[in-house]
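Asks: Supplied in structure tokens, the structure appears directly below.
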Amino acid sequence: MEIKVLKNVMQKNSAIGNDNRDVFHQKGVYTINLTSSPGAGKTTLLENSLPELMKSLNIAIIEGDPYTTRDAERLAHLNLPTIQVNTEGGCHLDAQMISQAIGELDLDNIDLCVIENVGNLVCPAAFDLGETLRVMVYSITEGADKPKKYYNMFQGSHVILINKVELAELCNIDLEATYQEVREINPTCKIFQISATRPETLIEWNSWLAHTVKKAICQ
Amino acid sequence: MHEASIAKYVLEIVQETIDSDPCCQNKLVKSITFALSRPYTVYPDSFEFYFTELIRDIPQICGTQLIYIDSDQRGFFVSSIDFED
Ligand SMILES: Nc1nc2c(ncn2[C@@H]2O[C@H](COP(=O)(O)OP(=O)(O)OP(=O)(O)O)[C@@H](O)[C@H]2O)c(=O)[nH]1
Ligand SMILES: [Mg+2]
């Protein structure tokens with residue numbers, strides 16, 4: 001007895017992602033899905049951005065990591081509610097993992113939930129988590145050719161943080177040309193040039209994000 | 001490695017199909033047919049590794065055969081499920 005099913009497996013993830021989005025929206029929680037290749041600077045960004053953002057927002061963290069709790073340990077001194085999600089080698093977070101993590105958070109007392117995804121420029125682009133904003137960290141040390149190679153990730157991000165810009169000259173990177181290539185692929189995203197290790201380069205990003213989150217959660 | 005998530009979602013689709021049709025509920029799953037487009041974004045070998053692990057302790061499904069057919073439609077679809085008569 002054959003039953004026709006004809007279901008797209010990825011739509012399963014999208015449906016759970018949409019449910020997550022509804023839950024976050026109902027609870028007035030703004031959510032960021034932070035993506036990048038391994039080592040591009042996601043955790044460094046959080047180490048240096050969150051202390052500023054915490055002054056005006058209640059923040060929670062969902063830390064995605066293949067095996068370890070290393071990133072969560074780096075952020076532990078901030079004393080923020082943190083949920084560790086280990087993918088056991090998996091290359092991305094999926095909507096179901098976030099759905100489980102949501103159950104462990106006190107959403108009534110959170111304004112901003114930051115999800116650090118697993119470092120990977122391919123798979124996370126295909127898995128909607130239910131985030132409000134997809135923020136990509138693009139480290140220029142990986143080379144200026146990456147935007148067109150990892151098109152889906154660049155094209156699907158709402159914000160692109162071009163990171164490690166102080167190393168541009170050492171890495172033979174023309175920052176202006178890199179900016180233009182990112183812009184060509186994604187004409188509408190917000191772009192910031194930062195050095196995540198230097199908090200003074202994060203002022204514009206921090207204030208834009210705090211303003212954007214407050215505006216959204218007040219609506 | 002995203003095949004681990006895919007395997008989880010496939011199992012959910014199979015279980016939902018079983019739950020939604022009383023005729024299927026006590027019947028063994030003989031085969032599951034997948035339709036996938038080239039270039040593959042899901043690798044059958046890797047998918048099978050995770051899926052076999054997930055169904056190992058589910059008697060109704062653990063003996064199933066997995067069949068793949070090429071499709072023009074972009075994506076990875078559970079096309080049909082064949083139950084014993
Ligand atoms: N020079 C320089 N180094 C940076 C910058 N941002 C991050 N790093 C360094 O890059 C390395 C990796 O940074 P992480 O923040 O761990 O990167 P990540 O994206 O969280 O890495 P995964 O979570 O493993 O994917 C660390 O040694 C950081 O100190 C920067 O702006 N300039
Ligand atoms: Mg990290």
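Asks: Looking only at residues that are in a loop (DSSP other than H, G, I, E, B) and more than 24 Å from A:Thr44 (Cβ to Cβ) in region A:167-202, which one is farthest from ligand 2 (Cβ to nearest atom)?
Replies: A:Pro187
Asks: Look at region A:1-16 and say how many of its residues are touching an Asp or Glu at 6+ places or on another chain (Cβ under 7 Å), surrounded by fewer than 22 Cβ atoms within 10 Å (Cβ to Cβ) and outside any strand (DSSP E or B).
Replies: Selection size over region A:1-16: 2.
Asks: Also: May I ask you to list the residues in region B:28-49 that are of a type in the set (Lys, Arg) and modelled with pLDDT under 95?
Replies: Within region B:28-49, B:Arg38 is the sole residue that qualifies.
Asks: Take region A:17-72 and flag every residue that is in contact with a Lys or Arg (Cβ under 8 Å, 6 or more places away or on another chain), near ligand 2 (Cβ under 9 Å from one of its atoms) and hydroxyl-bearing (Ser, Thr, Tyr).
Replies: A:Ser36, A:Thr43
Asks: Which is of a type outside the set (Lys, Arg) and part of a loop (DSSP other than H, G, I, E, B), of A:Ser49, A:Ser37?
Replies: Matching residue, one of A:Ser49, A:Ser37: A:Ser37.
Asks: Any idea which residue in region A:68-104 is farthest from A:Asn13 (Cα to Cα), counting only those that are more than 15 Å from ligand 1 (Cβ to nearest atom) and in a loop (DSSP other than H, G, I, E, B)?
Replies: A:Asn79
Asks: Name the residue, out of A:Gly28, A:Gly41, A:Gly64, A:Gly119, that is more than 16 Å from ligand 1 (Cβ to nearest atom) and of a type in the set (Gly, Ala, Ser).
Replies: Step by step, each of A:Gly28, A:Gly41, A:Gly64, A:Gly119 is checked, and only A:Gly28 is more than 16 Å from ligand 1 (Cβ to nearest atom) and of a type in the set (Gly, Ala, Ser).
Asks: Just to check your reading of the model, which residue among B:Ile61, B:Ile18, B:Ile69 is within 13 Å of chain A (Cβ to nearest Cβ), more than 24 Å from A:Leu93 (Cα to Cα), buried (at least 17 other Cβ atoms within 10 Å of the Cβ) and not basic (Lys, Arg)?
Replies: None of the others qualify; the one that does is B:Ile18.
Asks: Ok, one more. Can you name every residue in region A:148-164 that is buried (at least 21 other Cβ atoms within 10 Å of the Cβ) and assigned to a helix (DSSP H, G or I)?
Replies: A:Met153, A:Phe154, listed by residue number.
Asks: Can you say whether A:Thr141 is surrounded by fewer than 22 Cβ atoms within 10 Å (Cβ to Cβ), away from every other protein chain (no Cβ under 14 Å), polar (S, T, N, Q) and more than 16 Å from ligand 1 (Cβ to nearest atom), as far as the supplied structure shows?
Replies: When the stated conditions are applied, A:Thr141 does not pass them.
Asks: Further question: Which of the following residues is in contact with a Phe, Trp or Tyr (Cβ under 9 Å, 6 or more places away or on another chain) and not in a loop (DSSP other than H, G, I, E, B): A:Thr44, A:Thr31?
Replies: A:Thr31
Asks: If A:Ile59 meets every condition in (1) closer than 24 Å to B:Lys8 by Cβ; (2) in contact (Cβ under 8 Å) with a residue 12 or more places away in the chain apart from one, which number is that one?
Replies: Condition (1) is where A:Ile59 drops out.
Asks: Pick from A:Asp94, A:Asp108: which is in contact (Cβ under 8 Å) with a residue 40 or more places away in the chain, away from ligand 2 (no atom under 14 Å from the Cβ) and crowded, with 16+ Cβ neighbours inside 10 Å?
Replies: That would be A:Asp94, the only listed residue that is in contact (Cβ under 8 Å) with a residue 40 or more places away in the chain, away from ligand 2 (no atom under 14 Å from the Cβ) and crowded, with 16+ Cβ neighbours inside 10 Å.
Asks: Another question about this same structure. Check whether at least one residue in region A:52-64 is at pLDDT below 95, within 14 Å of another protein chain (Cβ to nearest Cβ) and crowded, with 21+ Cβ neighbours inside 10 Å, and report yes or no.
Replies: No, the conditions are met nowhere in region A:52-64.
Asks: So which residues in region A:122-131 are surrounded by fewer than 20 Cβ atoms within 10 Å (Cβ to Cβ) and either away from chain B (no Cβ under 14 Å) or in a loop (DSSP other than H, G, I, E, B) (or both)?
Replies: Answer for region A:122-131, where residues must be surrounded by fewer than 20 Cβ atoms within 10 Å (Cβ to Cβ) and either away from chain B (no Cβ under 14 Å) or in a loop (DSSP other than H, G, I, E, B) (or both): just A:Val122.
Asks: Then there's this: Can you tell me how many residues in region A:98-131 are in contact with a Ser or Thr (Cβ under 9 Å, 6 or more places away or on another chain), of a type in the set (Asp, Glu) and farther than 22 Å from B:Tyr40 by Cα?
Replies: Adding up the residues that qualify gives 3.
Asks: Here is a further query. What is the residue count in region B:21-44 for residues that are of a type outside the set (A, V, I, L, M, F, W, C), at the interface with chain A (Cβ under 10 Å from one of its Cβ atoms) and within 20 Å of A:Lys4 (Cβ to Cβ)?
Replies: 5
The values are calculated or read from the model by the stated rules, or taken from the named source; none is laboratory data. Only a predicted model underlies this, so the values are computations on that prediction, with no experimental measurement involved. All Cβ positions, even for glycine, are placed from backbone atoms using ideal geometry, and neighbour counts span all protein chains on display.
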